[in-house]
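Please read the structure below before turning to the comments.
The values are calculated or read from the model by the stated rules, or taken from the named source; none is laboratory data. Every value quoted in this text rests on a predicted model; they were computed, and no experiment measured them. So basically every Cβ, Gly included, is an ideal-geometry build from the backbone, and we count neighbours across all protein chains shown.
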Amino acid sequence: MKRLTILALALVLMLSLSACGRITDVLEPSTNSPTSEASTSESPTENPEPEDNKSFIGLWHSMNMVAAGFGERYAFNEDGTFTYGTSQMDEFERQLFSTGRWSIAGGKLKLEVDARLVVPVGDIKDIVPSDDLIILDRGVVKKIFNPPEIETYTIAKTDADPETGRNTITIDGKTFYDFNNQTDMFDDYYDLIVPGDRTLP
């Protein structure tokens, strides 16, 4: 009888230990079992890749030929500066050029205009030069903007012109042609600024 009691107690003890082990396994999972990590999905960033601004560097003209004069034109320089010239055939246009810095992001051309060269209204001698106003040769006034004026336009690369094979872009919906071989496009601009700014005597 004692033997049966001892065996029964031993059996109960083994079952108890076994049960405790199972409970422990549930409360403290083995370090070998795989752990689940919350999956984090990063939302896609807008325009993750920088735009290829290098393909816009160069001289751009609003016509695929040169007629009686130059049309609208842009020089986008590698150092981030630009020069814009209005059409030489528009006799009513008082602004001749604007200069500053350019950048492109998200299909938008941003121009930070730091100066404009304009033909003033009235007698040039009535204009009083200042830090923001300089008189250039031929009665042209250079207006300086600090901080720069901001202009924003849509811009896109488009197919090459089938007639001339020139690469093209559109700025604010207007087509401009690759005129990198026309190095005299801004000669009249440099003729104004290279001799040096001067004020009225």
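Quick notes on this structure:
- Neighbours by Cβ (under 6 Å, 6+ apart or cross-chain): first from the stretch 73-92, without any contact (Cβ under 8 Å) to a residue 12 or more places away in the chain; second of a type outside the set (S, T, Y) and surrounded by 22 or more Cβ atoms within 10 Å (Cβ to Cβ): none
- Check on K157, touching a residue at least 24 places away in the same chain (Cβ under 8 Å), charged (D, E, K, R), loosely packed, with under 11 Cβ neighbours inside 10 Å and not in a loop (DSSP other than H, G, I, E, B): no
- Considering residues of the stretch 123-143 that are out of contact with any Pro (no Cβ under 7 Å at 6 or more places or on another chain), aliphatic (A, V, I, L, M) and part of a loop (DSSP other than H, G, I, E, B) only, the residue farthest from D191 (Cα to Cα): V128
- Of note, Y153 satisfies the criterion of being modelled with pLDDT of 95 or more and on the phi < 0 side of the Ramachandran plot.
- Residues in the stretch 111-154 that are in contact (Cβ under 8 Å) with a residue 12 or more places away in the chain, surrounded by 12 or more Cβ atoms within 10 Å (Cβ to Cβ), over 27 Å from S62 (Cα atoms) and under 32 Å from the mean Cα position of the chain (by Cα): I134 only.
- Taken over the stretch 79-133, the criterion of being within 22 Å of V66 (Cβ to Cβ) and acidic (D, E) is satisfied by D90, E91, E93.
- D161 vs. criteria over 21 Å from the mean Cα position of the chain (by Cα) and acidic (D, E): yes
- Condition check for F92: surrounded by fewer than 17 Cβ atoms within 10 Å (Cβ to Cβ) and not β-branched (V, I, T): yes
Residue by residue, here is whether (1) aromatic (F, W, Y); (2) surrounded by 10 or more Cβ atoms within 10 Å (Cβ to Cβ); (3) at pLDDT 95 or above; (4) part of a strand (DSSP E or B) holds:
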{"residue": "T164", "(1), (2), (3), (4)": "no, yes, no, no"}
{"residue": "T170", "(1), (2), (3), (4)": "no, yes, yes, yes"}
{"residue": "Y177", "(1), (2), (3), (4)": "yes, yes, yes, yes"}
{"residue": "N180", "(1), (2), (3), (4)": "no, yes, yes, no"}
{"residue": "T183", "(1), (2), (3), (4)": "no, no, no, no"}
{"residue": "D188", "(1), (2), (3), (4)": "no, yes, no, no"}
{"residue": "D191", "(1), (2), (3), (4)": "no, yes, no, no"}
{"residue": "G196", "(1), (2), (3), (4)": "no, no, no, no"}
{"residue": "P201", "(1), (2), (3), (4)": "no, no, no, no"}
